[in-house]
Each structure stands twice: as C-alpha cells, then as structure tokens.
1. With +1 on the Cβ of every Lys and Arg and -1 on the Cβ of every Asp and Glu, and nothing else charged, how large is the dipole of segment 2-82 about its Cα centre, in debye rounded to the nearest 20?
2. Using a 10 Å cut-off around each Cβ, can you sort SER38, SER23 from fewest to most neighbouring Cβ atoms?
3. Using only Cα atoms, tell me the angle between helix 12-31 and the longest principal axis of the chain; keep it within 0 to 90° and round to the nearest 10.
4. With θ set to phi - 60°, apply the Karplus curve 6.51 cos²θ - 1.76 cosθ + 1.60 along segment 38-47 and write out the HN-Hα couplings as whole Hz, x wherever there is a Gly or Pro.
5. If you only keep lysine pairs separated by 8 or more in sequence, or across chains, how many in the chain come under 24 Å at the Cα atoms?
6. At a threshold of 8 angstrom on Cα-Cα distance, excluding pairs fewer than six apart, so keeping six or more, what relative contact order does segment 2-82 reach in percent?
7. Between GLU80 and GLU54, what length comes free when the chain is fully extended (0.36 nm per residue of separation minus the Cα-Cα distance, one decimal in nm)?
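Just so it is clear, none of the values below were taken in a lab; they were calculated from the coordinates. Computed from a predicted structure; not experimentally measured. Positions of Cβ are backbone-derived with ideal geometry, glycine not excepted, and every protein chain shown enters the neighbour counts.
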Amino acid sequence: MFLVLTTYAKGMEEVDKFLPAHSAFLDKYYAQKKIIFSGRRNPRVGGAILFRVETEDEVKAILAEDPFRVNGITECEYYEIIPTKYDEEFAGFLPSRRRTLAVRKGGA
C-alpha cells in the first residue's frame, strides 16, 4: 500500500485544464481496485492518492499514465504504508497479503 502526495508544479489554470483527464485516469484505476481514495490537499497545493499495490515500481508505472504527470503539472512523493493496526472496516481495503493481520477495532 502506498500513499502518494502530489504538489502542483504549475498554476491553477493549468491544473484545471488537465483536471478532467486526470479524473478519467483515476476512474480507470478505481475500476481496477488499485486506488482506495484520492483527493485535494487543503489548502489546494496538490493532492493525495492511496494505492492498493505491492511495489513502488507499480505505483510509478501507474502514475506515468497520469495526465498531471505527463504534462508536468505535479511532483510526487511516495510513501509505503504497512498497516499494523486499523479499524476492522478498513480490512477490505488492504492488499490480500495484509488481510491476515490481526484486526483491531479503532486502532491508531
């Protein structure tokens, strides 16, 4: 599981220009169950995407298709997340190899 934080490298006019294509890109990977959530950061300086994938290489390959990346709109930071405690309702979002972990209700 990887958290990607993006930061806009261009102005909001360029961001908004490519937003529909970026949204379609996200939809493709939601349909494949590769993305758990995505959204804008507040203040609006970039975004965040939580990926349900096993490797950083897979994240980078997916993001290589993102119109924001292709057009130099965003820069990315990658963080591997290995959940050790989580609410039982979150378990279904974990990669299959992590679902065997003990689930703790309300974990932090």
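1. 300 debye
2. Values: SER38 17, SER23 11.
Fewest to most other Cβ atoms nearby, the residues stand as SER23, SER38.
3. It works out to around 40 degrees.
4. 8, x, 6, 7, 10, x, 6, 10, x, x
5. 10
6. Values: 112 pairs, mean separation 40.8, N = 81.
Relative contact order for segment 2-82 comes out at 50 percent.
7. The GLU80-GLU54 span can extend by a further 8.5 nm.
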